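Inspection log for the structure reproduced underneath, given as structure tokens.
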Amino acid sequence: MDINHFESLVKKHEKSASANTGSYRFKVLLFTGLGYSYVLFFLALFLFLLVISIAMFADGHFTFGNLKVLLLTGALSFFISKALWIKDEMPDGYYLSEIEAASLRKIINEISLQLKTPPIHKIILNYEYNAGVKQYSKYGFAGPKQNILLIGVPLLSTLNPEQLKAVLAHELAHISHSDTAFGAKIYRIRKTWERLLISLEENEQFGTFIFRKFFKWYYPRYNAYTFALARQQEYDADAASARVTSPEAVRDTLCTIPIGAAYYYDDFYNELFHDCSKDNKVPTPYSDFISKFKSVDKSQRETYLNKELKLKSYFSDTHPCLADRLASINAQPSLPAISEKNALEVLIRNYRDILHDFDQSWIQENENDWKNDLKEFNQSKVRFDELSALTTYSLDELYEKAKLAEEFKGKSEAEAIYKKIIDSFAAIEQIAPAYLNLAAIKFESDDKAEEAISLTNKAIELDWEARLPGLNMLCDYYFHNDLRKEFEAVRDELEKWEDLVDQSDEECNYFHPADLFVSADVSEKMLTQGIEQIRKNTIITEAFLVRKVLAAIPERELFLLGLKVIMPKGKDVEEFEEKLYEKYTEELSAFENTAILILNGKGKLEESIKSVEGSRIYSRLKKDQAS
């Protein structure tokens, strides 16, 4: 099923789910039952055949046919049963005690009374900027279930108590509609089928085809059914949250969350890193985040919010976009003020101790990496100063300076360097990255999108290696700006190109005497350095360098360095060659885009390579050595 068919199915189902949620849920249950009936039917069939085989053995009717049926049905029954049994695990995080969460529990109980929800058994704080309800059962589908509320400390640090109440009402509304239990079943079903197919394919079971054809038809349709239901449940949960609090509170919450999330994931750690680089200290990020978020200025918060408001609802996420969620509660977007006291400080009794625990856990896990990053950062600053002092630059030095300039001076200075690269060098493939990097900067400004598209296409024209990242950039831009026709055209081109790259990679991995080899047109510097490296390996008697012509991507360069070596007697040849490949891959580094091949015992391939004029670049006999 292609994406257009999937999207049309989702739209069709969304109308049904919106019109009558209860009836639609029943249809989803029936469709879920179809999937399980299919799997259970074959499980019952295999178990039946297994029992018959065992019974025949017990009666003394031994045949190889019976043994084969016994082994096959036993294996298939085991793998299907294993896939059906998915064990839950309790989430990681900080488990709040009743005393620590007394104020929070009071709010939850008030909401539960209004929405008539089952109890929350445990409240767990974690590291994410998110909140959610997970249903846990020790025995998977069977046995009693516990409702677990998960709340991220960063989220608690940005919302005020009323906004947190709106979040809690949204999450508890899912329980009141039995969304969590239903969603958990759907999740387990998907995991079941995934595990089932993986088990069958990994063990090369003959029965794989029985499931693959069915799931190829069934699974996309099941996703479309459940997608529509999950999205409608999000709207219903927002409506319930507005009833428990107010539309204004939900509006402020919905507008605050993308601001806090964007700052936390995109900018906070970078700012913290720059602050700590001044005195090489290790931060306390969860404690620092509270004050850092309060210091985010109004213009930056508006930028985060406006960026989120431009996004559309897509079929890659069951959550609607911010604009659609606000419209569903008849609210207009608004920039909320940052509260002096956040929900963490107001509602969690010993929040300072909890922040300390989170900080210490982060330090324990990240301290060494953080210190190494700080060391590299300071070294990069020194290197940037060195590059800035130069008056003339090589192409590599300009790229290095542009990268460092973006880190230390900002995108505008990096943009100027990329323009200099384009203006200073001829239209060669080595400047394609400058076009791509310049395009990435331009794409961040809506009014420069056309220029960014042109730069991306220029990079794609110059270098085949720029094609994959370039097409991905274009796809991303068209997708997020709802330019469907352009997106589909580029996506089709991207898929075809990815297939070509896979074919080309396959060509690069194997060499045959019938391959087309031509003279290797490499730089004198690469050849000289490469021969010098070869000379240091005394067991190499001859070396040949050719270029393999690739059919999938003819412009892709692949050189083949064929080596004749002295093989020691009495050793395992394969093991010896394997060690040589590891050794030469590291020591013959001067040869770029080059595969290394030991030619001993490969007579026809050796003849094919030798037939290329000028292929011999080294011989222990001086008269044969390339100049």
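The values are calculated or read from the model by the stated rules, or taken from the named source; none is laboratory data. Since the structure is predicted, the reported quantities are computational estimates derived from the model, not experimental observations. Note that each Cβ is placed from the backbone with ideal geometry, even for glycine, and that neighbours are counted across all protein chains shown.
Brief remarks follow.
- Boolean, ARG491 is exposed (fewer than 15 other Cβ atoms within 10 Å of the Cβ), within 24 Å of the chain's Cα centre (by Cα), more than 30 Å from GLY601 (Cα to Cα) and not assigned by TED's automatic domain parsing to the domain that holds SER608: no
- Strands (runs of 3 or more DSSP E) (entirely within the range 537-627) containing at least 2 residues that are among the small types (Gly, Ala, Ser): none
- Among the residues listed as SER16, SER8, the single one being within 18 Å of LYS216 (Cα to Cα) and either at pLDDT 80 or above or among the hydroxyl-bearing types (Ser, Thr, Tyr) (or both): SER8
- Pairing residues of the range 212-228 that are more than 16 Å from GLY33 (Cβ to Cβ) with residues that are small (Gly, Ala, Ser) and surrounded by fewer than 17 Cβ atoms within 10 Å (Cβ to Cβ), at Cβ distances under 8 Å and at least 6 apart in sequence or on separate chains, gives ALA228/SER16.
- Summed over the range 482-538, residues that are touching a strand residue (DSSP E or B) at 6+ places or on another chain (Cβ under 8 Å) and among the aliphatic types (A, V, I, L, M) total 7.
- The range 96-157 holds strands (runs of 3 or more DSSP E) entirely within its bounds, and those carrying 1 or more residues that are among the hydroxyl-bearing types (Ser, Thr, Tyr) map to 131-136.
- THR456 fulfils the conditions (1) out of contact with any Lys or Arg (no Cβ under 7 Å at 6 or more places or on another chain); (2) surrounded by fewer than 21 Cβ atoms within 10 Å (Cβ to Cβ) except for a single criterion, (2).
- Applying the set (1) surrounded by 13 or more Cβ atoms within 10 Å (Cβ to Cβ); (2) at pLDDT 90 or above to SER339 leaves exactly one unmet item: (2).
- Qualifying helices (runs of 4 or more DSSP H) (wholly inside the range 302-392; at least 3 residues being farther than 20 Å from GLU162 by Cα and under 32 Å from the mean Cα position of the chain (by Cα)): 322-328, 351-388
- A search for C-beta distances below 6 Å between a residue of the range 585-613 that is more than 25 Å from LYS569 (Cβ to Cβ) and any residue that is of a type in the set (Val, Ile, Thr), counting only pairs 6+ apart in sequence or on different chains, returns ILE609/VAL546; VAL612/VAL546.
- The range 473-487, subset over 18 Å from the mean Cα position of the chain (by Cα) and at pLDDT below 90, residue nearest to LYS310 (Cα to Cα): ASN481
- The conditions of being part of a helix (DSSP H, G or I), buried (at least 17 other Cβ atoms within 10 Å of the Cβ) and among the basic types (Lys, Arg) are met by LYS442.
- Test for SER53: is it more than 30 Å from ARG231 (Cβ to Cβ), in contact (Cβ under 8 Å) with a residue 12 or more places away in the chain and of a type outside the set (A, V, I, L, M, F, W, C): yes
- Per-region count, the range 445-460, residues under 15 Å from ILE428 (Cα atoms), under 27 Å from the mean Cα position of the chain (by Cα) and of a type in the set (D, E, K, R): 0
- Inside the range 498-521, residues that are without any contact (Cβ under 8 Å) to a residue 12 or more places away in the chain and farther than 20 Å from TRP464 by Cα make up a count of 1.
- Of the listed requirements (1) surrounded by fewer than 14 Cβ atoms within 10 Å (Cβ to Cβ); (2) at pLDDT 75 or above; (3) over 32 Å from the mean Cα position of the chain (by Cα); (4) among the small types (Gly, Ala, Ser), GLY60 misses just one: (2).
- Any chance VAL39 is under 32 Å from the mean Cα position of the chain (by Cα) and either part of a helix (DSSP H, G or I) or touching a residue at least 24 places away in the same chain (Cβ under 8 Å) (or both): yes
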